[in-house]
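Below is one structure, written out as structure tokens, with a few remarks after it.
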Amino acid sequence: MGMRLDKVNAEIKRRVMEIIQQELDDPHLGMVSVTRVDTCADLKTSRVYFSVLNNDDFERTGKILASMSGFIRRLLGKKMRIKILPTLVFLPDTSIQYSVDIYAKIEEVMGDQEDNRDSQKQ
């Protein structure tokens with residue numbers, strides 16, 4: 001990925017986060033964080049990955065963001081100076097939950113190993 005594309009991704013991420021926090025007025029939206037943005041090299045599409053505080057809200061939040069993507073894109077166009085403004089596609093970022101699950105499994109295995117050591121010493 002080129003440096004220009006990295007800058008575009010960072011700027012889109014920052015601006016979309018601002019728009020979600022400050023300009024969207026939907027009581028069903030809840031706590032949303034934009035975790036990363038991947039823009040195609042031709043700048044036609046940006047995949048905006050989001051995370052929510054409550055994992056049960058992923059589907060509902062995705063539907064709300066998808067329905068508001070045109071509005072968010074229009075506001076983004078007013079805030080960014082870019083020749084081609086990509087279409088925004090909102091996708092849930094489950095990597096945080098995946099990391100939490102892996103950590104819990106590691107803790108579980110480590111606890112089992114300590115229990116085995118304690119029983120072997122007796």
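What follows draws every value from the coordinates through simple rules; no lab data is involved. The structure presented is a predicted model; accordingly, all values stated were derived computationally and were not measured. Virtual Cβ from ideal backbone geometry, glycine too; neighbours counted across all protein chains shown.
Extending 7 Å from Cα along the Cβ direction at L43 and again at F71 yields two label points whose distance is 2.7 nm.
Around the Cα centre of the chain, unit charges on the Cβ atoms of Lys, Arg, Asp and Glu (plus for the first two, minus for the last two) sum to a dipole of about 1220 debye. Taking Cα atoms only, the orientation of helix 69-79 departs from the longest principal axis of the chain by about 70 degrees.
Can you tell me the orientation of helix 58-67 relative to the chain, as the angle in degrees between its alpha-carbon axis and the longest Cα principal axis, to the nearest 10? That helix lies at roughly 10 degrees to the long axis. Note on the chain: GNM, Cα springs under 10 Å; of M68, M110, M31, the largest mean-square fluctuation is that of M110. Listed values [x] 30, 20, 14; [y] 22, 18, 12; [z] 39, 18, 10 include one computed from this model; for semi-axes √(5λ) of the Cα gyration tensor in Å that value carries the label [z]. For segment 21-122, GluC sites (Glu not before Pro) meeting the loop criterion (DSSP other than H, G, I, E, B) and having at most 15 other Cβ atoms within 10 Å: E23.
Counting only DSSP beta bridges with both residues in segment 3-93, tell me the antiparallel percent, nearest 5. Taking every DSSP beta bridge with both residues in segment 3-93, the antiparallel ones total about 55 percent.
For segment 1-70, the Cβ-based charge dipole about the Cα centre amounts to some 340 debye (Lys, Arg positive; Asp, Glu negative; other atoms uncharged).
Helix 3-22 sits at what angle to the longest principal axis of the chain, using alpha carbons and giving 0 to 90 degrees rounded to 10? The angle comes out at about 90 degrees.
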